[in-house]
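Accompanying notes for the structure given below.
Here, each number is a calculation from the coordinates, and none is a lab measurement. Values in this document were obtained by computation on a predicted structure and should not be read as measured data. Note that we place each Cβ from the backbone using ideal geometry, even for glycine, and neighbour counts take in every protein chain shown.
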Amino acid sequence: MGFILKKVLIPVLALILLLSGGVGAYFFMGGESVASTGETAKVEEKAEGEEGGKIAYVPMQPIILPIIDQDGISQTVSLVVSLEVRDAAKVAEVEQNLPVLADAFLSDMYGTLSKKSSMEGGVIKVSQLKARLVEITKRVMGEGAVNGVLLQVLQQHPT
């Protein structure tokens, strides 16, 4: 009886425990993730703009970036950005270029934030960071494709 308990029952109980934890996490997280739906971005149309056209906000995937200094990783920065697009015809083009734009953001921020040129006392200068993101967006997407870069969330986590 002890042999059957060790070889069969314990692995079965471990499997049941793992599956129940996975199902619990699925329901706790809302039951559906962005990755599982296959959608890269959702466009939210907002009120009329100053020029009479509809404004669409195209959200990007969150960007998580470690800040590395001489001692290793000193902190982690989380960033959530949406792009303001006035021309509805440009929304599909902007969505298609989101991976390229995210890569450009990461490449620029790795150097800038690791050198701490955009930081003051260990805290990111938000206005300077936003100006850099706008500049990168214009360079990647072209002039006029995106009207603005909305910095929705910026969190710094010391390690």
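Laid out as a table, the results:
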| read-out | value |
| --- | --- |
| Cα gyration tensor shape of region 94-159, rounded if a/c is under 1.5, else prolate or oblate by comparing a/b with b/c | prolate |
| Length released on extending from Thr76 to Gln96, taking residue separation times 0.36 nm less the Cα-Cα span | 4.5 nm |
| Per-residue Cβ neighbour rank within 10 angstrom, fewest leading, Tyr57, Tyr110 | Tyr110, Tyr57 |
